[in-house]
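Down below is the structure, laid out as C-alpha cells.
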Amino acid sequence: MKGVILAGGLATRLRPLTLVTNKHLLPIYNKPMVYYPLEAMAKAGVKEVLLTSSPDQAGQFANLLNSGEDFGLSLYYAVQKNPKGGIADAIALAEEFARGEPVLVILGDNIFNFDLAKSVREFEKAKKGAKVFGVKLDTKSRQYGVIEMDKTGKVVSIEEKPEHPKSDIAQIGVYMYDGKVFDYIRKLKPSRRDELEVTDLNNYYLREGGISCDVIDWWIDAGTSFDELLRANNDVKQFVEEGKL
C-alpha cells in the first residue's frame with residue numbers, strides 16, 4: 001500500500017499564523033504537525049509516501065523532511081496548483097505514484113493514536129473497495145461529514161455537513177482506496193464550494209457496495225481553528241506524558 005499525505009490549502013482560518021508558513025508545519029506540542037501523519041504511516045507499515053502541498057510551500061516540507069529516511073519512509077512530493085481544488089483533487093495527484101496499488105490517505109492536520117496496521121493488512125487482502133474512518137462526535141455542529149451505519153456495522157450513508165445528521169459518527173480525514181479511486185475522481189463534478197469533495201468520492205464506493213468504516217476512539221483536526229490548535233497541543237502533551245501517543 002502506498003501512502004498519501006495531503007498538506008496543501010490556504011489555512012485562512014489560522015491567519016496570521018499561516019501568513020508565512022504552511023499550517024501543517026505549525027508545532028503540536030514537541031514536533032511539527034505533519035510529523036504525526038508521517039509517524040502513523042510508518043507505524044502502519046507503509047514504506048512509500050507522497051506528500052502534496054501548494055507551489056509556494058512545497059520547498060518548506062522538503063527542507064524539513066528531506067527524503068523521509070528519519071521516519072523509515074521513502075518520501076516523494078507533488079504540487080497541487082489549485083489549493084482550493086479540494087481533497088479529491090489532491091488525491092488525484094497520486095495516480096502515477098500509486099501505479100494501481102491501494103492508497104492510504106491521511107490529511108496532514110489529522111492527529112490520532114489509532115494503529116492503522118491491522119486495517120492496512122485487512123484492506124490489502126481484500127484488494128478492492130474503500131474504507132473510511134470515523135469518530136463519535138457532536139455532529140450537530142455541522143462541521144464534518146457524517147457516516148451512518150446500521151446495526152451490523154454496514155455503511156448506509158455518508159453526507160457532507162448535513163443540516164440534520166443521521167448519526168454521531170463524524171468522518172475523519174483518513175481513507176483507504178483501491179485502484180479505482182482515480183477513475184471515480186475523474187467522474188466527480190465540483191460542489192457548491194467549487195471543490196471536488198471527498199464525500200462525493202466516497203459515495204461512489206458506497207453505491208457500488210464497496211465501502212466500510214472503522215470507528216476510532218480519539219482524533220483531532222488540529223488545523224480548523226485557534227481553539228482546535230490549542231486543544232491539539234494540550235491533548236497531545238497529555239497523551240505523550242501518559243504514553244498513549
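Only the coordinates and a few stated rules stand behind these numbers; no lab work does. Since the model is a prediction, treat every value here as computed from it, not as a measurement. Cβ: placed from backbone, ideal geometry, glycine included. Neighbour counts: every protein chain shown.
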Which one, Gly45, Tyr205, Val120, projects farthest toward the positive side of the charge dipole computed for the chain from Cβ point charges (K/R +1, D/E -1)?
Tyr205
Please give the Cα centre distance for the stretch 72-100 versus the stretch 186-220, rounded to the nearest Å.
17 Å
Among Val181, Ser141, Ile28, the residue whose Cα sits farthest towards the positive end of the charge dipole of the chain, when +1 is placed on the Cβ of each Lys and Arg and -1 on the Cβ of each Asp and Glu, is Val181
Give the calculated FRET efficiency between Lys127 and Lys187 to the nearest 0.05, with a Förster radius of 30 Å applied to their Cβ-Cβ distance.
0.90
Is there a quick way to get the dipole size of the stretch 131-245? I mean about its Cα centre, with the Cβ of Lys and Arg at +1 and of Asp and Glu at -1; what is the value in debye to the nearest 20?
340 debye
Thr21, Thr224, Thr52 arranged by Cβ crowding within 10 Å, fewest neighbours leading
Thr21, Thr224, Thr52
HN-Hα J in Hz across the stretch 106-118 - Karplus 6.51, -1.76, 1.60, θ = phi - 60°, x for Gly and Pro
10, 5, x, 9, 8, 10, 7, 10, 7, 7, 7, 4, 5
Charges only on Cβ, +1 for Lys and Arg, -1 for Asp and Glu: so what's the dipole of the stretch 2-241 about the Cα centre, in debye to the nearest 20?
340 debye
Only helices counted: for the chain, with every DSSP H run of 4 or more residues adding -39500 (n - 2.57) and the sum spread over all residues, [θ] at 222 nm is -8000 deg cm²/dmol
Measuring from its Cα centre, the stretch 37-169 shows a charge dipole (+1 at each Lys and Arg Cβ, -1 at each Asp and Glu Cβ) which, in debye to the nearest 20, is 480 debye
Mark the label point 7 Å from the Cα of Asp194 along Cα→Cβ and return the residues of the stretch 72-92 whose backbone N is within less than 13 Å of it.
82-86
For the residues Lys189, Lys140, what sequence is obtained by ranking on other C-beta atoms within 10 Å, fewest first?
Lys189, Lys140
Stokes-Einstein diffusion coefficient of the chain, Kirkwood radius over Cα pairs, 10 °C, 1.306 mPa s, in µm²/s
88 µm²/s
Amide H within-cut-off set for Gly72, under 5 Å, with H built and near neighbours excluded:
none
Name the chymotrypsin sites (Phe, Trp or Tyr not before Pro) in the stretch 211-245 that are in a loop by DSSP and that have at most 15 other C-beta atoms within 10 Å, would you?
Trp218
Please compute the contact order of the chain in relative form: average sequence separation of alpha-carbon pairs under 8 Å and at least six residues apart, divided by the residue count, as a percent.
23 percent
Can you give me the C-alpha center-to-center distance between the stretch 24-49 and the stretch 169-183, rounded to a whole angstrom?
19 Å
